[in-house]
Amino acid sequence: MKFSVLVAILSEKFEEKAIDVAREAGAAGVTIMDARGIGAAEKKTFFGLTYEGAQSVLIFILEKKLSLSVMKALRDQLKLREHSEGIVFTVPLEHIAGIDLGQIQQFEERIKDEI
């Protein structure tokens, strides 16, 4: 079974919705990290204070086919093509240790249903 890492870097205001969308698309667990980023646009200042919007980094370990479905669901439901408040990408995963056996069984059942 092949796995991928799906990474979603989003404006913090999309965090909960992104988790819900990913779960509806078949993702189980997620690791959430707080982040800051520097984009191409100049930062907003207010009375000399610079505002940096908060971001969330969501990391999913998914079966390869499932990762593409989850990525497309995030892209479409969060409307990432219409604004630049997030990015979603996948990275192939070569080696893995410590994944929950229940999650592997879910992946296997999903594959059996597709066959």
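The values are calculated or read from the model by the stated rules, or taken from the named source; none is laboratory data. Computed from a prediction, not measured in an experiment: that's the story for all the values here. So basically every Cβ, Gly included, is an ideal-geometry build from the backbone, and we count neighbours across all protein chains shown.
Determine which member of the set A54, A22 is surrounded by 14 or more Cβ atoms within 10 Å (Cβ to Cβ) and either out of contact with any helix residue (DSSP H, G or I) (no Cβ under 7 Å at 6 or more places or on another chain) or modelled with pLDDT of 80 or more (or both).
A22
Any idea which residue in segment 72-110 is farthest from the chain's Cα centre (by Cα), counting only those that are closer than 16 Å to R23 by Cα and basic (K, R)?
R110
Looking only at segment 61-107, filter to residues that are in a strand (DSSP E or B) and in contact with a Ser or Thr (Cβ under 7 Å, 6 or more places away or on another chain); which one of those is surrounded by the most Cβ atoms within 10 Å (Cβ to Cβ)?
If we take residues in segment 61-107 being in a strand (DSSP E or B) and in contact with a Ser or Thr (Cβ under 7 Å, 6 or more places away or on another chain), then L62 is surrounded by the most Cβ atoms within 10 Å (Cβ to Cβ).
Suppose the filter is modelled with pLDDT of 90 or more and closer than 17 Å to K2 by Cβ; does L78 pass it?
So L78 does not fit the description; no.
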